[in-house]
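Below: the structure, in C-alpha cells.
FYI, it's all coordinate maths here, none of it is from the lab. None of the values given here were measured: they were computed from a predicted structure. Positions of Cβ are backbone-derived with ideal geometry, glycine not excepted, and every protein chain shown enters the neighbour counts.
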Amino acid sequence: MSRLSVIKKSGDFSLIIKNGHGISGPFFIFYLKNDGGENRFGICAGKKLGCAVLRNRIKRRIRELIRHYLPEFVLFGSLVIVARKPAAEAGFDELRKAFHGMSLKLGLLKTA
C-alpha cells in the first residue's frame, strides 16, 4: 500500500481553498487545485463538528475513503476535503457514496 501525500501547512490549505475549484455536497466540501504535482490530500474538521473524538473519527473515515479510491485517482494535484456537520451522524456507506459521487463529478476518478 502506498503512503498518502498529506498537506500539513496552514498556508498550503489557505492557498488551495482560496485559489482552487470548489464543489460541495451534503457531507463534504472539496477544494481542488491542479498544480501539476503529485496528488496531495488535506482534511479539515473544524470544532463546529463536535468534540475531538468525533472530529478524529471523521478524519479517519475520510482517510480510509481516500485509501480505498487511491488506485482509481487520476493525476490532479492538491485536494482539500472539509467535513460538514452531517458527516458526524452519517454511516460509512453514506460517506462512501457521497465521496465517490463528488470525486466523479470533479473528474478525480478513472471512468472505466
remark   = If the chain between Asn39 and Ile23 were fully extended at 0.36 nm per residue, the gain over the current Cα-Cα distance would be 4.0 nm
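Any idea what the dipole of region 54-112 comes to, in debye rounded to 20, about its Cα centre with Lys/Arg Cβ at +1 and Asp/Glu Cβ at -1? Write out the running numbers ahead of the final one.
On the way: 13 positive and 5 negative charges, 51 e Å.
With Lys and Arg at +1 and Asp and Glu at -1, about 240 debye.
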request  = Among Gly101, Gly22, Val74, flag the residue with its Cα farthest along the positive direction of the charge dipole of the chain, charges on Cβ as +1 for Lys/Arg and -1 for Asp/Glu.
outcome  = Gly22
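Gain in length, Asn56 to Leu104, computed as 0.36 nm per residue apart minus the alpha-carbon separation, to one decimal in nm? Intermediate values should be presented prior to the final figure.
Working: separation 48, 0.36 × 48 = 17.28 nm, distance 2.56 nm.
Additional length available on full extension: 14.7 nm.
In the chain, which longest range has no trypsin sites (Lys or Arg not before Pro) that are both DSSP loop (not H, G, I, E or B) and surrounded by at most 11 other Cβ atoms within 10 Å? Spell out each step's value before the answer.
Working: sites that count: Arg3, Lys8, Lys9, Lys110.
Value returned for the longest uninterrupted segment is 10-109.
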ask   = About its Cα centre, how strong a charge dipole does the chain have in debye, to the nearest 20, once Lys and Arg get +1 and Asp and Glu get -1 at the Cβ?
value = 400
key: Per-residue [θ]222 nm for the chain (sum of -39500 (n - 2.57) over DSSP H runs n ≥ 4, rounded to 500)   = -13000 deg cm²/dmol
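Under 25 °C and 0.890 mPa s, how fast does the chain diffuse according to Stokes-Einstein, given a Kirkwood radius computed over C-alpha pairs? Answer in µm²/s, whole number. Don't jump to the answer; show the numbers that get you there.
Details: Rh = 14.1 Å.
Roughly 174 µm²/s, to the nearest whole number.
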task = Compute the distribution of all C-alpha to C-alpha distances in region 63-104, in bins of 10 Å from 0, and list the percent of pairs in each, rounded to whole numbers.
result = 22, 61, 16, 0
inquiry  = Please compute the contact order of the chain in relative form: average sequence separation of alpha-carbon pairs under 8 Å and at least six residues apart, divided by the residue count, as a percent.
reply    = 33
inquiry  = What value in Å³ per residue do you get for the convex hull of the alpha-carbon atoms in region 35-82?
reply    = 64
query = Across region 30-44, in residue order, what do the Karplus-derived ³J(HN,Hα) couplings come to in whole Hz, using 6.51 cos²θ - 1.76 cosθ + 1.60 with θ = phi - 60° and x for Gly and Pro?
reply = 9, 10, 10, 10, 7, 9, x, x, 6, 5, 10, 10, x, 10, 10
